[in-house]
Every structure is written in structure tokens, then in C-alpha cells.
Amino acid sequence: MADLTIEAAGSALAKGELSATELLESVLTRASLTEADLHSFLTIDHEGAMAAATGSDERLRRGEPRGLLEGIPLAVKDNFCTRHLETTCGSQILAGYLPPYDATAVARLRDAGAVLVGKTNCDEFAMGSSTENSAFGPTRNPWNPERVPGGSSGGSAAAVAVGSVLGAFGSDTGGSIRQPAALCGVVGFKPTYGLISRYGLVAFASSLDQIGPFARTVADAVTLFEAVAGYDPLDATSYQGLVPNVRPTLGEGVSGLRVGIVRELGGEGYDAEVAAATSAMVDKLADEGAKVSEVSLPSFEVALSVYYLIAPAECSANLARFDGVRYGLRVPGETVEEMMARTRAEGFGPEVTRRILLGTYALSAGYYDAFYGKAQKVRSLLIAEMATVFEQADVLVSPTSPTTAFELGAKTQDPLAMYLSDVCTIPANLAGTPAISVPIGLDSGGLPIGFQVMAPALGEKVMFQTAAAVEALADFDARPAMAVSP
């Protein structure tokens, strides 16, 4: 049962072929067999999950209307606020913190009948590309435990890949859903900015953060998206228009669609096998009738630099609230200032500290215009370039990550090398446009390769349509050796 898709499990639950409690017990058994090796969860809420599953079974027995995710076991990243369930953001500064409310996305999942299994591990405050920056230890890749799962939402990606849950949610600030999805061989999606409420997501970089799902199939990702998308008055940046209706076109294929290959997302620094798999998929799309052409977006060459000025600047402002006064860790000091300094020094890890310092410097007097101001101007240029290119192409495609999963510890001492892991994913965050990663195969070392599809703002319909075609053409159904039913 732990290997079912959300679609298949939902059908079996509706027909009474299995119960929500049986399904929950199956994924919890899978977690008990794999967590010692993977550490994909920070918290597993056995009691709360069983109560939710039991409630779902009772509703089904009474013949009540089924929620969209009735009885489906899911997880959320540990930077989502969950009422009376520990939320740490992978940081010592929030160890033991119990939010008094649910994030809007969590509340909507509960309303849809989902069973929340627990909170997944992540890079501290979502800052990282390998889930090695968690204060509570790294998550490992289920395809090879000596490799990273990607980040920062690596715990969610690993849990879905191994079957500890049937789906999960993460946050994506510069690729933190799509990159781990690629490295773990699952589907991962970032929506148009504002389509999923950020209320209750602990902020890292507010103009870039977005919530999105992990799933085993594109259809499952659509279901998870439908459950949480839509306007939320509690989020001032929430989109007030209609959510795109994406399901009707999932099976329509790509015949006649204009597919642009981004010239700047390839070449030096990309694994040969990743490049070859991407090229082969593009050829398959062309064979299916897609109109393929190469497009150029020169600003993509500097997107990484722009991101690492804007995101740390917003991080510097957002993380100022963690001062030892209101919640979380407090380290005593002789004065309030000393208490704050000690709390932040002991509570934040090195990557978070690095980004706070970088962002504070970029915002400081005398440097604001030279760094932050200029980065925002280039961001505007990138958005304009993408708008122009999307007049020539319906979707843009590229590798999701320039490499497959790298070894644990391989890049922890070289922040710039780590940052390059997000070179393909960052542009969609800067532009606020939707993008998805779909697994298309394995490299010679048995590690998954992800294929990215990007679309214009509110272009989820054509993005999912293309992603479903990619999924069908790849016919990728391999699972990690760990994902073996007991």
C-alpha cells in the first residue's frame, strides 16, 4: 500500500478496498524500516495521524462526502506552522517551538481529509541545496544513502521517493522543491507566485518563497495543487483571480506546442549524462509534434548572482524576529543586547549566519544601490526577457539540476559550488513563474535525472500538459531499492 499513487489509493479508499488506518500503518511501517538510514522526518505524529485516519474511516463508513485527499497520508516540510506540533525550520533557534495555528496550506490539507504523518527535515530555514544544513542532522538519498537528497526540501522528496508518505509539500525559494525532486526521482512543482498561500510558512525570502507539492506522478501533483491553491485573505500577496484549471489537458500531448530549449542552461558544468538525457527527451517531444527551437535569455547568466543578493537581503530582514525575546531559544546575557547576540550566535548555523551577514551588507548604507538596488534592476530585466521569450514559446525546458545527487559532504566546504546546484531553477523564482521537475531516467550510477518545464505566469495548464507528456514518454517507474514492502 505504501507504493500506491494518490490516485490509486484514493480510488481504493472510495471503494472500501482498504481503509485509511491500513494505509497509514503501511507508510508508518515503511518509515520504521527506512528512517534510521534516511532521516527524512524531524517529527512523526503517530497519535495525531492515527486519529486523523480513524476519523477519515468513520466519515467513509457514514457515507459523508469525500474530501479531495480523504485518508491520504502526507507530510509537510518543517517550516510550515502546524498547530501544537513542533516546527523548527531545521534550526536550534526554534527547537521545541509549538505554533498556536496551522499554516493555510496545512489547514486546507486537513479540510481535504489528508492524514498528516509528520514534519520533514530541511536545510535550516530552507537555506541550502542538500539538506545537510539541518541542525538535526542530514537527510540521505534513498537511491544511495551516501548521496544527498537535494535541498532545502530534501526530507519531503526522500519521504515520497521511499514511500513513507504518498505525497508531501515543501517550499521553493530558489529551487528547493524542484532540485530535490530531481535528485530523488519524484515530481516536484513550484506554482506561479501567489497561487498557494504563504500564510504560516516561516519566511526566508518573501518575494521568492512559494509552497508546492512532491508526488510520484504528475496527476498526483495536480491533485495536491488543487487541494491547497486559491486566494487567502490572510496572505497579502495571494492571487485573487481564478486558479488555472489544469486537469482537462493532462492527456492532450504536445503536438503543436512551442517548446524552447534555454541555451544558457547547458554546457560547461553539466554532467554529460544529464545533458544527454535532456536532449533525448527534447527529441522525443519533437517526434510527438512539438515545435522545438533554441531560445536565449542572456540574463540567466547572472540570475544566480542576482538571487544571492536579493534572497540574503530578504533573509536578513525576515530573520531579525528571532531574537530570544518572543519565542524559541533564549541564551542568557548580562543585558538584552548580549542576550540577543548570544541567542543568535548559538541558535543559527553557519549557512544562515553567512546569508544574514551577506544580506545585511548588501542593504547597508553606501552599498544598497551598488548591490541590492542593481540586483533588483537585473531581476526586472530577467522578467522582461522571459515575457518576450514566452511570446515565441509556450514552455521552456532544461535540466532541473546540472548534476545528479552528489556525495554527502562533497560541497559543504565550498558554498559557491553548492549554490551552483540551483542554477537552472532560480530564474523561475526571480520571475515568479511556474516550473516543474519530472524524472526521466537514471544515470549510469543508478541516480535519477530530472527534466524541468517552465511556463509563463499562470501558465500551469500548459506546464502540466507538457509535464504529463514528458512523464509518459520517459515511462520512468523505477523505485529506490529501499522502497521494498515488508
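The values are calculated or read from the model by the stated rules, or taken from the named source; none is laboratory data. For clarity, every value in this text was computed on a predicted model and none was experimentally measured. Note: ideal-geometry Cβ built from the backbone for every residue, glycine included; neighbour counts use all protein chains shown.
A few notes on this one:
- Checking Ala229 against (1) surrounded by 17 or more Cβ atoms within 10 Å (Cβ to Cβ); (2) more than 30 Å from Leu309 (Cα to Cα), the condition it does not meet: (2)
- Unique residue being more than 30 Å from Gly151 (Cβ to Cβ), hydrophobic (A, V, I, L, M, F, W, C) and within 27 Å of the chain's Cα centre (by Cα) when the list is Ala36, Ala31, Ala52, Ala20: Ala20
- So Tyr361, is it over 25 Å from the mean Cα position of the chain (by Cα), of a type outside the set (Gly, Ala, Ser), surrounded by 13 or more Cβ atoms within 10 Å (Cβ to Cβ) and at pLDDT below 95: no
- Matching residues in region 36-60 - criterion: being farther than 15 Å from Gly137 by Cβ and in a loop (DSSP other than H, G, I, E, B): Asp45
- Residue in region 251-289 that is nearest to the chain's Cα centre (by Cα), counting only those that are without any contact (Cβ under 8 Å) to a residue 40 or more places away in the chain and in a loop (DSSP other than H, G, I, E, B): Glu264
- Candidates Val325, Val389, Val397, Val331: the one that is out of contact with any helix residue (DSSP H, G or I) (no Cβ under 6 Å at 6 or more places or on another chain) and farther than 30 Å from Gly150 by Cα is Val325.
- The C-beta contact set for region 1-29 (first residue without any contact (Cβ under 8 Å) to a residue 40 or more places away in the chain and of a type in the set (A, V, I, L, M, F, W, C), second residue surrounded by fewer than 19 Cβ atoms within 10 Å (Cβ to Cβ) and part of a helix (DSSP H, G or I), distance under 6 angstrom, 6+ apart or interchain) comprises Leu18/Ala12.
- Close pairs from region 449-471: first under 23 Å from Gly230 (Cβ atoms), partner buried (at least 24 other Cβ atoms within 10 Å of the Cβ) and small (Gly, Ala, Ser), Cβ under 6 Å, at least 6 apart: Val453/Ala467; Met454/Ala428; Met454/Ala435; Val462/Ala455; Met463/Ala455
- Among the residues here, Leu242 qualifies as surrounded by fewer than 24 Cβ atoms within 10 Å (Cβ to Cβ), at pLDDT 95 or above, of a type in the set (A, V, I, L, M) and more than 14 Å from Ile436 (Cβ to Cβ).
- Members of region 290-329 found to be outside any helix (DSSP H, G or I) and closer than 30 Å to Ala205 by Cα, listed by number: Val295, Ser296, Leu297, Phe322, Asp323, Gly324, Val325, Arg326, Tyr327, Gly328, Leu329
- Test: residue in region 106-113 that is in contact (Cβ under 8 Å) with a residue 40 or more places away in the chain, assigned by TED's automatic domain parsing to the domain that holds Leu13, in contact with a Gly (Cβ under 8 Å, 6 or more places away or on another chain) and under 23 Å from Phe348 (Cβ atoms): no
- For region 61-105, a residue qualifies if it is at pLDDT below 95 and not in a loop (DSSP other than H, G, I, E, B), and exactly one does: Arg61.
- Test: residue in region 380-388 that is of a type outside the set (D, E, K, R), surrounded by 18 or more Cβ atoms within 10 Å (Cβ to Cβ) and more than 19 Å from Cys315 (Cα to Cα): yes
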